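Rule-based calculations on the coordinates, nothing more; no lab input. Being a predicted model, the structure only gives us computed values, none of them experimental. Reconstructed Cβ throughout: ideal geometry from the backbone, glycine too, with neighbour counts over all protein chains shown.
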Amino acid sequence: MEKYIINGGNKLYGSVKIQTAKNSVLPILAAAVLTDAKVKILNVPQITDVKNMVKILSCLGCNAVYEDSNIIIDSSSAHCYEIPSALAHELRSSVFLLGSVISRFHKAKIAYPGGCDIGLRPVDLHLTGLKRLGVQITEKNGYILCECDKLSGNEIMLDCPSVGATENIMLAAVKAEGTTVIKNAAREPEIEDLQKFLNCIGAKVSGAGSGTIIVEGVKTLGGCEFLPIPDRIEAGTFIIATAMCGGEVCAEGVCPENISSLIHKLRENGCKIHIKNDKIIIENHRRLISVKTIETQPYPGFPTDLQAQITALCCVCGGNSIVTENLFETRFKYVPELKKMGADITVIDRNAFVRGVDRLKGADLVAHDLRGGAALVLAALAAEGRSGVVDIYHIDRGYGSFEYKLRKLGADIVRVTV
Ligand code: EPZ
């Protein structure tokens, strides 16, 4: 088993290159199944979720090979419509494959997807959308079996702007007969990136980023070479780390407008943040004042994937904060770990009531999910004394070279095997 050993108290200085977005690369990998032509995805992050998604593509019969940090996928020999349950349980984004596998085989079978234990994570909106396109769905013994004679375009109104459901329906609609209109679609930048990729291989998708996406079905698709957008959540994680530890850090290769909600909050906290093209420079040398309220919302609201990290920051601000998690039911599993460090937090339903303390103390911590685990690392970096963090495989799902990048900024963090 691997763990982090962290000695807190170092300020962070220097620059950090941001990886391509996990939540863009994953649906794009699923989209590669749609075409028989080769696609090359550039500079993919070296993270577990991507490795597992590539394994799933190989199980479907796709030829997926790494070339340095690029992945080349040739789906011309894809022949299997069943997504292996062991891998489906590993990652939520396996569910995106439903749309592309159904489009290719008119059949798909998947076990209920896994991923972070942050809530119920239903897939009802995915399935309702696919049914609107003509898919018959049977749910039995923990499996979802999808079949259709053909896929036909239709109008779909999502009950909530689900990222995954929007992406799944886009994938299934690309080669459907006729036009599909997705209303109340998710607006995340990763949705726009998927649209850009799909159009790059010859699809006709428009409207991503607005609440309404239009997909005109096409008959054939080609190949392309594609560079996904930067990971706004990784960038936000390093920016919050600097706000907590103090110092001056430049996050490079980012899209600042994609995390404007975080930048706005941190400026309210008293951080100096300077934006220059694809760089965000944050500087802080004093204790921050608390931001009174933070509410997670679908994009462009404050991202739920930065909720744990900003709550860790609130723990060491001067004053009180209320953090409300509006998207997932149980996304405060990291709070008891922060309380081991002396944090003053009370969770009631979807609200965390935080009273800032002067300093957290190092402790032995357990990561329970990807972003909560990252938040524990940030808290340990800012704390006084030594911390250990176990179950860091959760963190490896979404952050490539995490400790290496932090060490390069001056953090005292090592990964050890115990
Ligand atoms: C995507 O998950 C991201 N994962 C999540 O990032 C992110 O937190 C989430 O979007 C919200 O931005 C990937 O892109 C791989 P949703 P997804 O469907 O698609 C409800 C990370 O840390 N819902 O937008 O699963 C659901 O319960 C991960 O990188 C239904 O009710 O999120 C939740 O309350 C964690 N029925 C809300 O919608 C459905 O069929 C948002 O979920 C689907 C979702």
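Points to keep in mind about this one:
- Shape descriptor for the stretch 177-336: Rg over Rh equals 1.06 (Cα atoms; Rh from the Kirkwood inverse mean 1/r).
- Computed on the stretch 283-386, with alpha-carbon pairs under 8 angstrom and 6+ residues apart, the relative contact order is 28 percent.
- Shape box of the stretch 111-243 [Cα atoms, principal axes, largest first, Å]: 54, 37, 26
- Annotation for Lys107 and Lys361: the two label points, set 7 Å from Cα along the Cα-Cβ direction, are 6.2 nm apart.
- Long-range Cα-Cα pairs in the chain (distance over 34 Å), rounded percent: 30
- The stretch 39-124: C-alpha pair distances exceeding 17 Å, %: 48
- Sorted from longest to shortest, the spans of the Cα atoms of the stretch 1-85 along the three principal axes equal 54, 29, 20 Å.
- log₁₀ of I(q)/I(0) at q = 0.10 Å⁻¹ - the stretch 1-147, Debye sum with one point per alpha carbon: -0.40
- With the simple spin-label model, which puts each label point 7 Å out from Cα in the Cβ direction, the Lys51 to Tyr404 separation comes to 1.3 nm.
- Taking N as its residue count, the alpha carbon Rg of the stretch 287-418 over 2.2 N^0.38 Å: 1.01
- Protection proxy ranking, highest mean first, for peptides 161-169, 271-279, 342-350: 161-169, 342-350, 271-279, where packing is the per-residue count of other beta-carbon atoms within 10 Å, averaged.
- Residues Lys150 and Asp391, FRET efficiency given R0 of 60 Å [Cβ-Cβ distance, rounded to 0.05]: 0.85
- Taking other C-beta atoms within 10 angstrom as a stand-in for reagent exposure, Val123, Val174 fall in the order Val123, Val174, fewest first.
- Here Asp49, Asp358 are placed in order of increasing Cβ neighbour count within 10 Å, fewest first, which gives Asp358, Asp49.
- Overall form of the stretch 264-329 per C-alpha gyration tensor (a/c, 1.5; a/b vs b/c): oblate
- Lysines whose Cα lies under 16 Å from that of Lys276, excluding same-chain neighbours fewer than 8 positions away: Lys17
- 26 Å Cα-Cα reach of Lys55 towards lysines, excluding residues that sit fewer than 8 places from it in its own chain: Lys3, Lys22, Lys38, Lys40, Lys107, Lys109, Lys140, Lys175, Lys196
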